[in-house]
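Structure first, commentary second.
No lab work stands behind these numbers, since they all come straight from the coordinates. Quick caveat: nothing in here was measured; it's all calculated off a predicted structure. Cβ atoms come from the backbone with ideal geometry, glycine included; neighbour counts cover every protein chain shown.
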Amino acid sequence: MGQAREVLDKLTDTAIERHDVDSAVALYADDAVLMTPDAGTVRGPEKIAEYWHQFIDAFPDGHYETIAQLESDGKAVDEGYFIGTNTGAMTTPSGERIEATGKQVKLRSCDIAAVEDGKITEHHLYFDESEFMRQMGLSS
């Protein structure tokens, strides 16, 4: 197992399985960039922590079910499902507050993390935002 795989596995464990955002954010470089479908470009550990908190806090029982994992040239890729029940309020990247729906989501996602010197420098997180809103009962 290479360094990129090790770091992305640790990110999944700390953020999604243990809900430890501080430990997860410590895996990012000071100038790291997180790209997401809902927030766009998120820069730096403080903003990345805010992004993770709004999601993890809204799904305190959330966990990750892996489908496939790859690693090559300093990048690790995970494909799988985030599964959790929305029991906490969320604040969207636009600032809108969404109260807990009580709905369970099973959202297919893909993460690509570039790692240098043991830190994530660039993280692309892909998921279907429309499917997420549909499963939350917020759109049809």
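Looking at LYS106, LYS75, LYS119 in this structure, which one is farther than 22 Å from ARG18 by Cα, touching a strand residue (DSSP E or B) at 6+ places or on another chain (Cβ under 6 Å) and charged (D, E, K, R)?
The conditions single out LYS75.
Identify, by number, the condition in (1) assigned to a loop (DSSP other than H, G, I, E, B); (2) surrounded by fewer than 17 Cβ atoms within 10 Å (Cβ to Cβ); (3) hydrophobic (A, V, I, L, M, F, W, C) that CYS110 doesn't meet.
All conditions pass for CYS110, except number (1).
So PHE132 fits all but one of (1) more than 14 Å from the chain's Cα centre (by Cα); (2) buried (at least 17 other Cβ atoms within 10 Å of the Cβ); what number is the exception?
Single failed check for PHE132: (1).
Checking THR66 against (1) outside any loop (DSSP other than H, G, I, E, B); (2) polar (S, T, N, Q); (3) more than 20 Å from ASP13 (Cβ to Cβ), which single condition isn't satisfied?
Looking at each condition in turn, THR66 falls short on (3).
Restricted to the stretch 16-53, and to residues that are touching a Gly at 6+ places or on another chain (Cβ under 9 Å) and in a helix (DSSP H, G or I), which residue is surrounded by the fewest Cβ atoms within 10 Å (Cβ to Cβ)?
GLU17
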